[in-house]
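As structure tokens, the structure follows; a few thoughts come after it.
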Amino acid sequence: LNDFEPFYNNMKGRERFRISIADYMTKFFVNSSHKDSFKIHAENLICSTGCGCLVNTLAWCLAESGDSCIIPAPYYPAFDNDLNVVSNVVPVPAFLEQTNCGFVLTQSCLDAAYDTSLNQGHRPLMLLLTNPNNPTGTCYSRQELETALTWAREKRMFVISDEIYANSCHTFSSKKHEPFFTSMFDIALSISENNTVGEDVFILYGFSKDFCLSGLRTGILYAENQEFLKAQDNLSYFGSISSDTQSILNGLISDPQWVSDFLSENNKRLSQSCTLLMSLLDSLNIPYLRPTSAMFLVIDLRKFLTGTTWEDEKILFEKLCNECRIVLTPGRDCHFRKPGYFRCCYAYCKPQALRIAFERFEKVFIQKVKY
């Protein structure tokens, strides 16, 4: 705590801390083709107690009660709470097109969600993306992100890009050995005429995932919207981060070698756990969506359902909990279109725990069927 100051400070984050974050994000989020003409500045950053708090703040500032936020589905279950509890903004899922290779974001699925929102009496004002994605563990392609941003601007909507898993990309493109992840910084700057992201774009980051520090409750928001930033001079009071937390994190990200070594080791371990989980699923002939990023994998357990309803999925979930002692996130919570898909997090537990979990699964669901 070399720079610890136990006094009131800027509620949006201490300047020294935000300068360090700006340098870190410029290095890891801004494509090299833009770095000569664009740099993230501290005055465009808001620090708050987690990204959930920031999503709530965005909903409060950008929308009115009863307006909607379109979210490509499946999506992170807690967004419903973040948007609705305080601001009464209605989440509307835009069901991604499902192919043999996974889920694809298209203009048609965004149009369908937009029409649904209007038909329900809710004005669509925001598009919320998570990239890399939770729960799928995959990244949107550059084309998908360009489609999303162009579509939202045609509809005069705000774009929120949650990039909290940006540096948890543990699988690389086979062609260039580069991560699949592309930041909205790169997309917005590529079509900008004045080297800005735009006042309609907001980009989220945080320390909970890439740095495994969820207990320190630190989220970051990049914004160029001056009216929004001015509002945070007051609103940040309700979500300010303690000075000691900022001091600790500033010390971490101010050490480039430590950051590089930590992220490399973290991705190595994520890759090992992910590979182990996929091998276990392959051995049991259980289908899944192959991830490239984050810490999640979508498992297709539809063949173990006793029917085709959400109630049948709930029964399977309870059986997993009670007989296997395994907790997977049900598809309904993640807004899948059909029952039977579950989200598995492979980062929280040790490799041996994954082996034990699917040994139990085999005994309950596969050996019982055989005998």
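The values are calculated or read from the model by the stated rules, or taken from the named source; none is laboratory data. Quantities reported herein were computed from a predicted structural model and do not represent experimental measurements. Backbone-built Cβ (ideal geometry, glycine too); neighbour counts: all protein chains shown. What goes into the accessible areas is simple: the full protein's heavy atoms, side chains included, and nothing from ligands, DNA or RNA. Shrake-Rupley method; radii C 1.70, N 1.55, O 1.52, S 1.80 Å.
A few comments on the model shown:
- With respect to the stated conditions, T306 fails to be β-branched (V, I, T) and assigned to a helix (DSSP H, G or I).
- Test result for V298, modelled with pLDDT of 95 or more and either polar (S, T, N, Q) or farther than 19 Å from P135 by Cα (or both): no
- Flag if K368 is modelled with pLDDT under 95 and in a helix (DSSP H, G or I): yes
- Screening the stretch 33-77 for residues that are under 27 Å from F296 (Cα atoms) and either assigned to a loop (DSSP other than H, G, I, E, B) or among the basic types (K, R) (or both) and picking the one that is farthest from the chain's Cα centre (by Cα) gives T49.
- Of all residues in the stretch 337-353, those being part of a loop (DSSP other than H, G, I, E, B) and among the aliphatic types (A, V, I, L, M) number 1.
- Restricting T49, T106, T26 to residues that are hydroxyl-bearing (S, T, Y), more than 23 Å from I164 (Cβ to Cβ) and either surrounded by fewer than 21 Cβ atoms within 10 Å (Cβ to Cβ) or modelled with pLDDT under 95 (or both) narrows the list to T106.
- In the stretch 295-315, of all residues being touching a strand residue (DSSP E or B) at 6+ places or on another chain (Cβ under 8 Å) and of a type in the set (A, V, I, L, M), the one that is surrounded by the most Cβ atoms within 10 Å (Cβ to Cβ) corresponds to V298.
- Considering (1) farther than 26 Å from F342 by Cα; (2) of a type outside the set (S, T, N, Q); (3) open to solvent by 30 Å² or more (accessible area, probe 1.4 Å), the lone condition that W151 does not fulfil carries the number (3).
- The one condition in (1) open to solvent by 20 Å² or more (accessible area, probe 1.4 Å); (2) in contact with a His (Cβ under 9 Å, 6 or more places away or on another chain) that P74 fails to fulfil: (1)
- The set of residues from the stretch 196-234 being over 27 Å from N133 (Cα atoms) and either out of contact with any strand residue (DSSP E or B) (no Cβ under 9 Å at 6 or more places or on another chain) or of a type in the set (G, A, S) (or both) comprises Q226, E227, K230, A231, D233, N234.
- The residues on offer are L129, L125, and the sole one that is modelled with pLDDT of 95 or more, on the phi < 0 side of the Ramachandran plot, open to solvent by 20 Å² or more (accessible area, probe 1.4 Å) and part of a strand (DSSP E or B) is L125.
- Residues within the stretch 134-148 that are open to solvent by 10 Å² or more (accessible area, probe 1.4 Å) and not basic (K, R), tallied: 8
- If you check C334, C345 for being under 22 Å from L129 (Cβ atoms) and either of a type in the set (K, R) or open to solvent by 30 Å² or more (accessible area, probe 1.4 Å) (or both), only one passes: C345.
- Selection within the stretch 78-103 - open to solvent by less than 40 Å² (accessible area, probe 1.4 Å), in contact (Cβ under 8 Å) with a residue 40 or more places away in the chain and more than 16 Å from the chain's Cα centre (by Cα): G102
- Every residue from the stretch 322-331 that is open to solvent by less than 30 Å² (accessible area, probe 1.4 Å) and among the hydrophobic types (A, V, I, L, M, F, W, C): C324, I326, L328
- Qualifying residue in the stretch 283-294 (condition: in contact with a strand residue (DSSP E or B) (Cβ under 9 Å, 6 or more places away or on another chain), at pLDDT 95 or above and assigned to a helix (DSSP H, G or I)): no
- Candidate set: the stretch 2-23, residues that are among the basic types (K, R) and not in a loop (DSSP other than H, G, I, E, B); chosen: the one surrounded by the fewest Cβ atoms within 10 Å (Cβ to Cβ): R16
- Failed item, numbered, when R217 is tested on (1) more than 23 Å from T275 (Cα to Cα); (2) open to solvent by less than 70 Å² (accessible area, probe 1.4 Å): (2)
- Hits in the stretch 87-122 (condition: in a helix (DSSP H, G or I) and charged (D, E, K, R)): D111, D115
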